[in-house]
1. From the residues in the stretch 190-201 that are within 18 Å of the chain's Cα centre (by Cα) and of a type outside the set (A, V, I, L, M), which one is modelled with the lowest pLDDT?
2. If a residue must be surrounded by fewer than 21 Cβ atoms within 10 Å (Cβ to Cβ) and within 18 Å of Ala89 (Cα to Cα), how many such residues does the stretch 143-175 contain?
3. Where in the stretch 109-223 are the helices (runs of 4 or more DSSP H), entirely inside, with at least 2 residues that are over 25 Å from Ser18 (Cα atoms)?
4. Any idea which residue in the stretch 40-60 is nearest to Val104 (Cα to Cα), counting only those that are in contact (Cβ under 8 Å) with a residue 24 or more places away in the chain and not hydrophobic (A, V, I, L, M, F, W, C)?
5. Is it fair to say Val94 is more than 20 Å from Val200 (Cβ to Cβ) and not in a loop (DSSP other than H, G, I, E, B)?
6. Scan (1) aliphatic (A, V, I, L, M); (2) assigned to a helix (DSSP H, G or I); (3) under 11 Å from the mean Cα position of the chain (by Cα) for the single condition Leu84 breaks and write down its number.
7. Take the stretch 71-81 and flag every residue that is over 9 Å from Arg47 (Cα atoms) and either in a loop (DSSP other than H, G, I, E, B) or among the aliphatic types (A, V, I, L, M) (or both).
Amino acid sequence: MIRFVTMEKAGLAVAAMSDKTDGNCGDANARESFLERLDIRPEQLVRLRQVHGVRVLDADDVEPNAATPPEADGIITTRRNIALGIGVADCAPVLLYHPAPPAVAVLHAGREGTRHNIAAAGVRALCTIPEVQPAGLLALVGPCAGACCYEVSADMAADWTAAGLPTTGRHLDISGAICAQLEYAGVIRHNIRVVPHCTVCGGGFYSYRADKTSDRNLVVVML
């Protein structure tokens with residue numbers, strides 16, 4: 001497990017991500033064990049059926065610990081008694097936190113979600129909450145496939161370049177793209193943090209590109 005200390009010091013009760021030592025958190029037993037270490041009960045966890053889109057839901061509209069969660073790739077809340085969770089294995093987890101009034105979002109930003117700007121969708125969703133403003137948000141982009149390893153087809157790289165997203169040859173820079181999108185959406189650059197760890201070559205996290213695995217790391221945030 002890693003803790004996103006900057007976000008927790010800023011006020012989040014929990015901002016954490018499982019790693020390989022926590023087991024496959026796509027599995028209920030490993031997930032519950034990981035949550036127990038965070039002092040979170042399974043019935044407090046709100047999850048999504050992630051589809052690489054840009055839909056962002058309010059946790060009030062999602063049943064906690066649902067057997068069949070709704071399709072979406074982002075979730076927000078102002079409630080302190082629930083935890084928000086997303087699964088990742090090379091896609092970027094994006095945390096957005098507004099300290100006062102308190103509100104939090106977690107986003108699943110893979111290649112498609114980033115291409116279609118789920119970061120801005122998350123900012124917009126949070127800013128529907130009264131008194132929440134983009135300039136008041138703190139953001140963190142967690143471990144994901146780095147530009148060092150995220151090589152795609154020439155056509156896909158050309159599409160990203162045409163969209164104004166950062167590429168180096170055929171390598172996509174997901175973290176860099178998300179940072180630029182957040183800043184364009186009004187988040188102050190000084191308030192954006194990036195965890196500089198590549199899930200493909202770093203070895204500590206489950207990686208689809210490295211291992212063709214269906215195992216997942218779990219990212220959890222809680223006010």
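The values are calculated or read from the model by the stated rules, or taken from the named source; none is laboratory data. Note that this is a predicted model, so its numbers are computed, not measured. Cβ: placed from backbone, ideal geometry, glycine included. Neighbour counts: every protein chain shown.
1. Of the stretch 190-201, the ones within 18 Å of the chain's Cα centre (by Cα) are 191-200.
Adding the requirement that they be of a type outside the set (A, V, I, L, M) leaves 191, 193, 196-199.
Working: Asn191: 98, Arg193: 97, Pro196: 91, His197: 94, Cys198: 96, Thr199: 96.
My answer is Pro196.
2. Here the count works out to 7.
3. Passing ranges, in order: 118-126, 154-162, 174-184.
4. Asp58
5. no
6. (2)
7. Listed by number, the residues that qualify are Ala72, Asp73, Ile76, Thr78, Arg79, Arg80, Asn81.
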